[in-house]
Each structure stands twice: as structure tokens, then as C-alpha cells.
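The values are calculated or read from the model by the stated rules, or taken from the named source; none is laboratory data. Note that the structure is a prediction, hence the values are computed from the model and not measured. Heads up, the Cβs are rebuilt from the backbone with ideal geometry, glycines too, and the neighbour counts pull from every protein chain shown. Accessible surface areas use protein heavy atoms only, side chains included; no ligands, DNA or RNA. Shrake-Rupley method; radii C 1.70, N 1.55, O 1.52, S 1.80 Å.
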Amino acid sequence: FISWILNRKMVKRMASRPGAVFIDSNILFYAACFQKENIFGWITALYEKVYIHQEVLNELLDGKARNLVQELLDSGIWVLFDPENEDCLSDEEYEIYLQYLDDVQQGFRNLDHKKRSMGRRIKGTKDIGEMHIIAAAMMTSSNLICSNDYDIAEVISDEEFKISFGGDEEQKSELIIQDTLEDFCYYVVLNGIAIRKNSRNFFKIACHTDTEIRKKAKLEGLDRRLDDIPNRD
């Protein structure tokens, strides 16, 4: 497994999705469940730098997923972000991180309030991992989050959670970008990491609890994007 990843890393020239990405637990769980392809290899090939937050690692109750992620972390292919580890953040940086986290938590509370006022369904989960990876992305100026939790993009947009980059004289900022599972399945085909058939089959794993109508709509949405990619089977 690791030797395959290392070989793939050696031959890829430039990252298809430049910058750094935080991977959410739902993507990792889907990756571990899909036996037909090495999705962890796809992730490594697609993104320039892959972060795993300690809170996300804690959420990986599935033994296989956790073991595969830990193997990638131990080998140095992926990077663990543990804000409570002094080797990761200094005391001053940790205080900044906590402020970011507080802002993100308030953002999720604001989203719940907005949903109530609109009569929308509110999730029953606590979104702990999602909150931490947004805060960590701002702390590390990581431009990407890969997650199939659609609340992330809405919170980022509503609260304008941004990263800063560039020198002091040319300081710039931009909103954090979320790659959903559909985005991920599109980009791996676009960049020649996976073929269309395998990408679609992986995408289906997140649709298994949907109604047939909903599943069909999701696949059609992905297919429309894949149809625009030239010369991809």
C-alpha cells in the first residue's frame, strides 16, 4: 500500500489541486469502505499536501480507515495537525487557533438559527471535526477542505472564513474552498488519476442510503460534469 503511494508521488509532476487540504472523516470512511480502488492513493495524487486533524483521526472509529490513515501519517506522506501538541503550535499560536475555533463554532450556531428561520432541517450531529478543520485551515492558510458535509461550504460563505497568503506588501485573502465528494470524483478524472467508471462507482458509495430518485439525480449531476472532460473513458 505505502510503496504504491510512494511510487505514485514520485511520478506525479505538479499537484492537480495545489495547496494544502484537510480531509474530513466522511471521505476517509468512504475511502476505506471502497475495496475496488485505492482511494487513499487518489487523494495523495490529487492534492499537493494532505492534512489530517487530530479530531478527525479521533472520529475514525472504523479500524481499517484509522489504520490506513495512521500508516500514511507514520510514513510522512500525510501530515497530522494536532493543535494541542507543542510541536505543532506554540502557546501563542494555540490561543489564535482557539479564537478561530470559537468563531467557527459561532458560525455553525448562526447557520442553525438561519435554518430554523427558513424551516430547514437541522443536523443531529455536533460537527466537531468539521469545526476544527475549518479553524485549522485558517490557522495553516490551507485553501482546501475535502468533505461531503455541505454545511461547511455554507458556513464558510456566510461567515466569510478566509485564508491569507502572499508577502506583507502583497497580502491577499480568499475564501476556503470545499471539495465535496462529487468535486473529488470529478477532479480525479479530470487530472487522469482515475477513469470515469471507477470514479462513478466510488461516488455511488455515498448514495447507498438515498432514494432511487435522489441517487439518480446525484449521479446525473456528476455525469454532466464528467461529460465535459475530453478523452476520459
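Loop-located chymotrypsin sites (Phe, Trp or Tyr not before Pro) across the stretch 102-208 with a Cβ neighbour count of 12 or fewer within 10 Å are Y150, with loop assigned by DSSP.
Once the convex hull of all Cα atoms in the stretch 166-220 is built, its volume per residue stands at 115 Å³.
Report, for the chain, the % of DSSP beta bridges that are antiparallel, rounded to 5. Don't jump to the answer; show the numbers that get you there.
Details: 4 of 17 bridges.
Bridges in the chain are about 25 percent antiparallel.
Shown here for the stretch 73-147: GluC sites (Glu not before Pro) in loop regions (DSSP other than H, G, I, E, B) with at most 11 other Cβ atoms within 10 Å, namely E84, E86. In summary, the lysines within cross-link reach of K172, defined as a Cα separation below 20 angstrom excluding same-chain residues under 8 places away, comprise K162.
Its Cα gyration tensor gives the chain an equivalent ellipsoid. The semi-axes, each the square root of 5 times an eigenvalue, are 27, 23, 18 Å from largest down.
Helix-only estimate, please: 222 nm mean residue ellipticity of the chain, summing -39500 (n - 2.57) across DSSP H runs of length 4 or more and dividing by its residues, to the nearest 500.
Values: 11 runs with 130 residues, N = 233.
Computed ellipticity for the chain at 222 nm equals -17000 deg cm²/dmol.
The calculated FRET efficiency for N201 paired with K126, based on their beta-carbon distance and R0 = 41 Å, is about 0.85. In a fully extended conformation the segment linking E170 and E95 would gain 24.4 nm over its present Cα-Cα distance, using 0.36 nm per residue. Computed on the chain, with alpha-carbon pairs under 8 angstrom and 6+ residues apart, the relative contact order is 20 percent.
What ranking, highest mean first, results for peptides 133-143, 119-129, 70-80 when packing means the other Cβ atoms within 10 Å averaged over each residue?
The densest-packed peptide leads the list: 133-143, 70-80, 119-129.
For the stretch 119-233, the square roots of the Cα gyration tensor eigenvalues, ordered a ≥ b ≥ c, give a/c of at least 1.5 with a/b no greater than b/c, which places it in the oblate category.
Taking a probe of 1.4 Å, how large is the accessible area per residue of the chain, in Å²? Walk me through the numbers on the way to the answer.
Values: 12540 Å² over 233 residues.
Solvent-accessible surface per residue comes out at 54 Å².
In this structure, the residue pairs whose Cα-Cα separation is over 18 Å, taken from K36/K204; K36/K197; K123/K216; K197/K218, are K123/K216.
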